[in-house]
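For reference, the structure is listed below as structure tokens.
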Amino acid sequence: MLEAISLQCVRGERELFNNLSFSLGSGQMLLLSGPNGSGKTSLLRLLCGISPPASGEVRWQGESVRSRRGEYCRGMTYLGHHNGVKEELTPLENLRMATAVADIVAGEDTIRAALDRVGLAGYEELPAKQLSQGQKRRVALARLLLARAPLWILDEPLAALDVQAVALVEEVLAAHLAEGGLAVLTTHQPLNVRIDVEIRVG
Amino acid sequence: MEDIICTIKRDLLLALRRRADVLTVFFFFVVAASLFPLGVGPETALLRSMGAGVIWVSALLAALLSLNRLFAADYADGTLEQMALSPRPLALLALGKALAHWMATGLPLTLIAPLIGVQYGLSGEALETLMIALLLGTPVLSLIGGIGAALTLGLRGGGALLALLVLPLYIPVLVFGAGAVESVTGGLSAEAHFSILGALLLLTLVLAPLATAAALRIALE
């Protein structure tokens, strides 16, 4: 259960939003909408705890995420603008290293299965610099699947993805929500998933 | 422990894939330290007295050369974000990165240093002292450098600022590192110098990762 309580975000001299509150329960999806520069990414970074709010609080399972950082980080996965994929490493190595850093237990088979799920079977051993932008995004999606976290915070998950991959994201999201997961995301593309809460930022 | 090892493993694998970066630093050190005898002439007494200092300054500059890449790539591709969001303490992940940086730069320099010392006519005992001093001192360079690299992350022209920030902090290591060799060539024991270098190492091992992690969080905001 994720709660935001009167969040305020200030960038430089400009206030992006103020008094933003919502609460999201198990199995629900929150879509953030708004024009470019309205503060959607800022809100997501604030929710996942990369940047602190100017005022207000984010709560996870009723506890402030500031005081329970370790627990919150285990329960949440963030997919930002950057994929977090190293160009020099293969998708397999990338995921092996990413899961080790995030303290996720994932064996070789689990990682291969996740790569297969996102349609990268046959690309496991290729250096990521030879992959296309969309394929790198798919590697990041595989990381999302491996984390098995109840809360997903996704910033433009559909960027650079083709039609099949968009369908895959919809399928994966629907399954995540059906299992009682939570998702907060932004997108400028139409997404065929049930939206429980929509917030216009800015 | 796993918190530290996971980033060491990752960064060493990356260093292996980007061998050119590591070799550049290594050869910079070798060339810089070898230029001095050519410049000041083959006067044995002069070379012997300045050898340790020159090798230390070259090691400092070589460490500095590779520092701006310490977090820049992770910052650009989003892996730093993921590190900050890991349940593992960011300070320990940063410590792992600094140790990996040392293994890829400081350690090779330490191993080749005796060979360069020979060019300066250093005695066997002085070479041994030089190696121990470098072994104790070069990790400090990577650890302090990590703070500087984190503070200048994302700044334009961060490279020059990084040098200005970090070089003054390197002074104690330089003084006691070069001093160790000097005292041995002067017939004294280098133990006091080693103790101080060891103390510096322990102090930075504890404090530098905390400062680095704090600076990284500010850079990511």
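Is region B:198-218 home to any residue that is away from every other protein chain (no Cβ under 14 Å), in contact with a helix residue (DSSP H, G or I) (Cβ under 8 Å, 6 or more places away or on another chain), surrounded by 16 or more Cβ atoms within 10 Å (Cβ to Cβ) and over 19 Å from B:Gly96 (Cα atoms)? No, the conditions are met nowhere in region B:198-218. When B:Leu61, B:Leu165, B:Leu115, B:Leu136 are screened for being farther than 21 Å from B:Arg10 by Cα, modelled with pLDDT under 95, assigned to a helix (DSSP H, G or I) and under 12 Å from the mean Cα position of the chain (by Cα), only B:Leu61 passes.
With respect to the conditions (1) over 22 Å from B:Leu35 (Cα atoms); (2) away from every other protein chain (no Cβ under 14 Å); (3) in contact (Cβ under 8 Å) with a residue 60 or more places away in the chain; (4) surrounded by fewer than 24 Cβ atoms within 10 Å (Cβ to Cβ), B:Pro108 lacks only one, and its number is (1). Looking only at residues of region A:116-135 that are out of contact with any Phe, Trp or Tyr (no Cβ under 8 Å at 6 or more places or on another chain) and either crowded, with 22+ Cβ neighbours inside 10 Å or among the aliphatic types (A, V, I, L, M) (or both), we find that the one that is nearest to A:Glu156 (Cα to Cα) is A:Val118. The condition of being in contact with an Asp or Glu (Cβ under 9 Å, 6 or more places away or on another chain) and touching a residue at least 40 places away in the same chain (Cβ under 8 Å) does not hold for A:Val197.
Once region A:74-90 is narrowed to residues that are β-branched (Val, Ile, Thr) and touching a Phe, Trp or Tyr at 6+ places or on another chain (Cβ under 9 Å), the residue that is nearest to the other protein chains (Cβ to nearest Cβ) is A:Thr77.
Quick one: would you say A:Ala4 is of a type in the set (A, V, I, L, M, F, W, C), crowded, with 21+ Cβ neighbours inside 10 Å and touching a residue at least 40 places away in the same chain (Cβ under 8 Å)? In short, yes.
Scanning region A:91-115 for residues that are more than 10 Å from chain B (Cβ to nearest Cβ) and assigned to a loop (DSSP other than H, G, I, E, B), we see that the one that is surrounded by the most Cβ atoms within 10 Å (Cβ to Cβ) is A:Ala106. Please verify whether B:Glu182 is crowded, with 17+ Cβ neighbours inside 10 Å, among the acidic types (Asp, Glu) and either part of a loop (DSSP other than H, G, I, E, B) or within 14 Å of chain A (Cβ to nearest Cβ) (or both), treating the condition exactly as stated. Against the criterion (crowded, with 17+ Cβ neighbours inside 10 Å, among the acidic types (Asp, Glu) and either part of a loop (DSSP other than H, G, I, E, B) or within 14 Å of chain A (Cβ to nearest Cβ) (or both)), B:Glu182 does not qualify. The residue pairs whose first member lies in region B:117-133 and is on the phi > 0 side of the Ramachandran plot, whose second member is surrounded by 24 or more Cβ atoms within 10 Å (Cβ to Cβ) and part of a helix (DSSP H, G or I), and whose beta carbons are closer than 8 Å, counting only pairs six or more residues apart or on different chains, are B:Gly121/B:Gly51.
The values are calculated or read from the model by the stated rules, or taken from the named source; none is laboratory data. Just so you know, these numbers come straight off a predicted model, no measurement behind them. Counting neighbours? That spans all protein chains shown, and the Cβs are built from the backbone with ideal geometry, glycine included.
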